[in-house]
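Laboratory data are not the source of any read-out in this text; all were calculated from the coordinates shown. Note that the structure is a prediction, hence the values are computed from the model and not measured. All Cβ positions, even for glycine, are placed from backbone atoms using ideal geometry, and neighbour counts span all protein chains on display.
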Amino acid sequence: MGKIRVGTAGWSYKDWQGVFYPPGLEHRKQHPLEVVARCFGVVEINTSFYGHIKPELVKLWARRVAPVNPDFIFTAKLHRSFTHSPLAVMEPTSAATIKPNDEDERMAREGLDALAATGMLGALLIQFPVSFKNTSLNREYLDSLLRQFIEYPCVVEVRHSSWNNPEILASFRRHNVAFCNIDQPLLGRSLEATEHVTAPLAYVRLHGRNYDHWFEAEKPHDRYNYLYSEAELKGWKDKIERMARNAEVTYVIANNHFEAKAGVNALQLGHMLTGQRQKAPQPLLERYPELKAIADPLPEETSDSLFLLA
């Protein structure tokens, strides 16, 4: 069985203060990533979807996590200019509406190259919305995009069920591209849970099952306000183990980030997959006392690092 890394999508959320991170973390001169790296083996960079990664920030992140967890890995989302229509809330995303430019490519590469140079880049996640369907034009665009970023280990996340077919999977295998297996509310023709392995790495993203707020959320975080039950996680544990038998490394990313629920479920999955007790921040154990059955508090630690949210 290949290595399994479990972690969260992002780490910089206001609602994690006092829930995942201790109150007054800035006064301890501790970077939030240091806390994350003591609990997990991977984190998915979420901010790279909204703004290109700055190379100087990459170097900072690497310096902060390396002493805490030398084996730590980042995965990164590709910037939305390559995967979403600029008017995505008003029109479907397709090859005809996605409009990246040369500057987008230059800036994307700067950040990704800086991350790759640290040796900590595990995968580049190319994430499309559910409106991006399996059409000949969209397949051509995806092929071109994958050639454009061929030097990075690529993962493609599609959310429409039309992509879940043998021809697409065979094409991904030929090009060593990983198919992203997702958990999401099954609405319309949204992609159901899969366990495909089409490359040396396998990838799983858990978005939650918040059916009521997925497309009509009053606030942006509403759709991610979901805590998986133990039974729901057990189903994914079995899938992940089957994937890991056919992959060198399997990344499992919890994206249900509201009030650090992603951290809770990532720790629970880590325990299920290893049978070992996990390490959790004390505030998280207090907010979610059910974690005490499988996790111990992180030991107190001082740090001279600067507090910089990113």
Please tell me the relative contact order of the chain in percent, rounded to the nearest whole number, where contacts are Cα pairs under 8 Å and at least six residues apart.
24 percent
If the chain between LYS292 and ASP15 were fully extended at 0.36 nm per residue, the gain over the current Cα-Cα distance would be 97.6 nm
CD proxy at 222 nm, helix term only [per DSSP H run n ≥ 4: -39500 (n - 2.57); per residue of the chain; nearest 500]:
-9000 deg cm²/dmol
Candidates (1) 19.8; (2) 18.6; (3) 21.9; which is the computed Kirkwood radius over Cα pairs in Å?
(1)
Among DSSP beta bridges lying fully in the chain, give the percent that are antiparallel, nearest 5.
5 percent
Positive minus negative residues near ALA114 (Lys, Arg vs Asp, Glu; Cβ under 11 Å):
0
Measure nothing fancy, just the Cα-based angle from helix 230-244's long axis to the longest principal axis of the chain, in degrees from 0 to 90, nearest 10.
60 degrees
Just order 159-171, 277-289 by mean Cβ neighbour count inside 10 Å, highest at the front, would you?
277-289, 159-171
Spin-label proximity, ARG245 to segment 170-189 - amide N less than 19 Å from point 7 Å beyond Cα toward beta carbon
181
Enter the angle in degrees (range 0 to 90, nearest 10) between the Cα long axis of helix 55-65 and the first principal axis of the Cα atoms of the chain, meaning the one along which they spread out most.
40 degrees
Using only the alpha-carbon atoms, how far is helix 136-148 inclined from the longest principal axis of the chain? Give it as 0 to 90 degrees, nearest 10.
50 degrees
Give the cross-link partners of LYS292 among the aspartates and glutamates, using a straight C-alpha distance below 19 Å as the criterion and excluding same-chain residues fewer than 8 apart.
GLU230, GLU259, GLU300
Cα atoms only, segment 1-134: Rg and Dmax in Å?
16.5, 50
Could you give the nm distance between label points at GLU56 and THR135, where each point is 7 Å from its Cα heading toward the beta carbon?
4.3 nm
